[in-house]
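Please read the structure below before turning to the comments.
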Amino acid sequence: MSAAGFAPVVQQYLLQARQMQALSLAVHIPLVCFGIAFPALVLVAEWRHLRTGDPVYRTIARRWSKTMLTLFAVGVVTGTILSFELGMLWPGFMASFSDVFGLGFALEGFSFFLEAIFIGIYVYGWDRLSPRRHFLAGIPVAIAGVSGSLFVIAVNGWMNHPRGFRLSGGQAVDVHPWSALFGNSYFWHELVHMYFAGFIVTGFLVAGYYAWGYARGRWGRYERAALTIALSAAALAAPAQVVIGDWAARTIAKEQPVKLAALEGLSETTRGAPLHVLGWFDGKDVKYGIGVPKLLSILAFHDPNASVRGLDTVPPADRPPVNVVRFAFQTMVGIGTALALLGLLFVYVRVRRRRLPQSRWFYRAVVAAGPLAVVALIAGWVTTEVGRQPWIAYGVMRTEQAVTGAGGIPIGYGALAGIYLVLAAAVFWALRRLARVPLETEDAR
Amino acid sequence: MLADVPVAMIIVGLAAYLVLAGADFGAGFWTLAAGRGPQADEIRAFCRHAMGPVWEANHVWLIFVFVVAWTAYPVAFASIASSLAVPLFIAAVGIVLRGSAYALRGVVTAGRTLDRVFALSSMLTPFALGTVVGGIASGRVPVGNAGGDAITSWLNPTSILVGALTVAMCAYLAAVYLAADAARLDEADLVAAFRKRALASGLVGGAVALAGLLVVRTDAPHLWDGLTRGAGRAALAVSALGGVGTIALVVRRRFEPARASGALAVVAIIAGWAIAQRPFLLPGLTTAQAAADHTTLVALLVAAAFGALVLTPSLALLFGLVLRGRLDEAPPSPAPPAQPPAHPPSLPGRGVAALAVACLLSTVGFLVLAEPGWAHAVGIASLFGCVAATFVLVMAERPGPPRP
């Protein structure tokens, strides 16, 4: 069946539709980080308990697993919203291409299923399964958290680099879904980047909670051990992310030169292109920024005189909004660098001195690191997704061709924003309740 | 032929969603209709308890239906989702509210507001999803981007009827299951309470279904034709037999077989709808016309087969544990005695540090400096190695008693 019935429609609220989608993603993505990293951290704690017999690690694993279940349940519903929105907001995109990338979501559905099954067994199975079987029940949760994000990111990689089909009358034909999703050169750096982001966000947020308690005198053995696990993960993931980010940027230079030009505010194709830190893109140049000659060419192509393509290589209608993308990119890089330095400091103290840092400022920095990591995470997704505009499928379909013809988008947007506010308040309250269960009660149960 | 297989998968997914998650929605309904007094609290607590470990897994069936629909029938899915955006959004809102109330209730002892939000959203979502089915079944969703009427495509006699029927079926299934659970736990009061509710909701559900046939006859004649002929008629007969049989079994307190026959009655209705509509997905659009490329359908089947291979034993394990009561609240067991360390903590040797450094150098070489794709793969593997080795170093504690 051709997509002829899906001639593009005029939608006066296209921007609101995009914002509604962006809001839903911004709410869901931090929860994905917990899906990726939290099961692994819980299992590290339980593993240490099994190896050393130390009950404090069992308490940590138990308490964290309840938080994990709560966040998973919230992630289930926010993820459901996303799957509804795909069809409700972007039917043109789905009608033309969901046979190409839909497989990714099908596989994600299965891994989500696996996660849901074993998270139930794991969290309700404390005391009821033998310690070994209980630990084993947690492993599928950790695997499925990673594979689920793998499949979704495969779809995002495809949107940024659509392959595996031919276009005929606005419809994808001659479809090769496996190679479109997994043989895609744009997929791997996104996946690894997100995987490490999961540990950075989860690790710093969890550690931040205990660092907050440090300032208030809650600093027993339980708190120290819990902070060490979470912070060790984040402190290692943050410097590693710098290396991965560099790899990602080089891939973008090759695959999406216009996005790179927007990241750096490079209006004309330049040999030996400079890199600007901070500043504002005025439509032609970066004003008030700190320029480093030839650095962009070196970073992108390992050659000081390499030619970097500018925004002028495509017509103005095909360019993303430069300042949004550039500001988001600089935010991500700036916060990421700071977190990497904080992480290296922690690693140094642990490895050289075999103890935790003792400066109060260190713990204040860890408290700030959690929310900052979330900001960097969102900024990173804004970079890649707004940088993809005006395309929903890069170079193949424009976002305005994909949007629904239905009315009422502002009403839906407003309603969703209100619901998410209530949800955020409710989650915050629930986590606080969980955290306030006294340790002794927990141990006895 | 292949083009029809995803329809079968969607029907299986919908049936599983209705039979499993539907019962969870129904349990939410019964928290609202628990009445007052101490027994009401007991009923509410029991409804909540029943959902514990299985709620998330049950919910996934809806996602399964969505992904199969959009992968296999892109244009039909996009037409449905855009025309029926309003009820879908309402269902989504219901799912969010319900899910968050659920997430909170594990943590918080019952608050009245939370209970009401939970119960009302438990009715809202099945009703809205029922109106979606009604809109599709009565042929009110044309092919195209939001081609159907924003309101009447889901607020029409068939939709309202199917919505009400869905709520009734959820309540009925929940009451039967909860009666069976209560019987397993020898809770005589609760058995009596849910037995009464199962009988009442079964009768109401049957009455709504019969009334529905009359509505369908005038509102959606093509559907009526399909339901009263051949295989469609057989499916309705099975449903009627299942419904009557379940009531008989509940009367005689044979709850375990009633679970199965109750589910059968409900599943047969969905099958009947699919049969009645065959071969059309939407007016003028058959499954063969709507189906995606052959390669996509094959890929979907391969993925589903692989998924079934992994998920069937996992689901069997979960439901095995739940139905045998292995995941029930156990009486507080004493904390296990602190065992002597199986492996007394010791500092990692120099080998781990050497490995970390070697992996770091390899990362720089293969990921940062080298260009080819295979080198990047080696570089990423090295990076993981470096992080893992350093993690061991960072986590290591000095042997001996814990420092203050």
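Using the structure shown, decide if A:Leu296 is away from every other protein chain (no Cβ under 12 Å), in contact with a Phe, Trp or Tyr (Cβ under 8 Å, 6 or more places away or on another chain) and closer than 23 Å to B:Gly379 by Cβ.
No, not satisfied.
Entry remark, segment A:57-101: residues being among the hydrophobic types (A, V, I, L, M, F, W, C), over 27 Å from B:Thr295 (Cα atoms) and in contact with an Asp or Glu (Cβ under 9 Å, 6 or more places away or on another chain) number 6 in total. Residues to consider are B:Thr125, B:Thr158; find the one that is away from chain A (no Cβ under 12 Å), surrounded by 24 or more Cβ atoms within 10 Å (Cβ to Cβ) and closer than 26 Å to A:Pro91 by Cα. The conditions single out B:Thr158. Name the residues in segment B:81-94 that are surrounded by 24 or more Cβ atoms within 10 Å (Cβ to Cβ), in contact (Cβ under 8 Å) with a residue 12 or more places away in the chain and within 7 Å of chain A (Cβ to nearest Cβ), would you? Passing the criteria: B:Ser82, B:Ala85.
You will find that of A:Ala261, A:Ala197, A:Ala233, the residue that is within 12 Å of another protein chain (Cβ to nearest Cβ) and in a helix (DSSP H, G or I) is A:Ala233 and no other. Note on segment A:1-54: among residues that are in a helix (DSSP H, G or I) and of a type in the set (Val, Ile, Thr), the one that is farthest from A:Phe204 (Cα to Cα) is A:Thr52. Just give me the residues in segment A:41-73 being more than 7 Å from chain B (Cβ to nearest Cβ) and of a type in the set (Val, Ile, Thr), in sequence order. Scanning segment A:41-73 gives A:Val42, A:Val44, A:Val56, A:Thr59, A:Ile60, A:Thr67.
For segment B:336-358, the criterion of being more than 10 Å from chain A (Cβ to nearest Cβ), under 43 Å from the mean Cα position of the chain (by Cα), surrounded by 10 or more Cβ atoms within 10 Å (Cβ to Cβ) and at pLDDT below 80 is met by no residue.
Of all residues in segment A:214-230, those that are over 17 Å from A:Gly343 (Cα atoms) and either over 28 Å from the mean Cα position of the chain (by Cα) or at the interface with chain B (Cβ under 7 Å from one of its Cβ atoms) (or both) total 9. Among the residues of segment A:92-137, those that are of a type in the set (Ser, Thr, Tyr) and either at the interface with another protein chain (Cβ under 8 Å from one of its Cβ atoms) or surrounded by 24 or more Cβ atoms within 10 Å (Cβ to Cβ) (or both) comprise A:Ser96, A:Ser98, A:Tyr122, A:Tyr124. Taken as a whole, the structure leaves B:Ala78 outside the set of residues that are among the small types (Gly, Ala, Ser), surrounded by fewer than 24 Cβ atoms within 10 Å (Cβ to Cβ) and assigned to a helix (DSSP H, G or I). Among the residues of segment A:331-342, the ones that are over 15 Å from A:Ala233 (Cβ atoms) and crowded, with 20+ Cβ neighbours inside 10 Å come to 3 in all. Here the condition is being within 12 Å of chain B (Cβ to nearest Cβ), of a type in the set (Val, Ile, Thr), in contact with a Pro (Cβ under 7 Å, 6 or more places away or on another chain) and crowded, with 21+ Cβ neighbours inside 10 Å; of A:Val141, A:Val175, it holds for A:Val141 alone. Against the numbered list (1) in contact (Cβ under 8 Å) with a residue 24 or more places away in the chain; (2) on the phi > 0 side of the Ramachandran plot, A:Arg350 comes up short only at (2).
If you check B:Pro126, B:Pro142, which single one turns out to be assigned to a helix (DSSP H, G or I) and closer than 30 Å to B:Leu285 by Cβ?
Sole residue among the options that is assigned to a helix (DSSP H, G or I) and closer than 30 Å to B:Leu285 by Cβ: B:Pro126.
Condition check: more than 7 Å from chain B (Cβ to nearest Cβ), surrounded by fewer than 24 Cβ atoms within 10 Å (Cβ to Cβ) and closer than 30 Å to A:Pro410 by Cα. Does A:Leu89 satisfy that? So A:Leu89 does not fit the description; no.
Scanning segment A:343-362 for residues being surrounded by fewer than 22 Cβ atoms within 10 Å (Cβ to Cβ) and in contact with a Phe, Trp or Tyr (Cβ under 9 Å, 6 or more places away or on another chain) gives a total of 6.
The set of residues in segment B:250-286 that are within 14 Å of chain A (Cβ to nearest Cβ) and surrounded by fewer than 22 Cβ atoms within 10 Å (Cβ to Cβ) comprises B:Pro279, B:Phe280, B:Pro283, B:Gly284, B:Leu285, B:Thr286. Candidates are the residues of segment B:36-49 that are part of a helix (DSSP H, G or I) and surrounded by fewer than 20 Cβ atoms within 10 Å (Cβ to Cβ); the one that is farthest from the chain's Cα centre (by Cα) is B:Pro38. Do we find a residue being over 24 Å from A:Pro390 (Cα atoms) and not basic (Lys, Arg) anywhere in segment A:156-164? No, segment A:156-164 contains no residue that is over 24 Å from A:Pro390 (Cα atoms) and not basic (Lys, Arg). Across segment B:138-160, not a single residue is classified as closer than 21 Å to B:Ile270 by Cα and within 16 Å of the chain's Cα centre (by Cα).
The values are calculated or read from the model by the stated rules, or taken from the named source; none is laboratory data. Bear in mind that the values here come from a model prediction, so they are computed numbers and not experimental data. Using ideal geometry, Cβ is built from the backbone for each residue, glycine included, and neighbour counts are taken over all protein chains shown.
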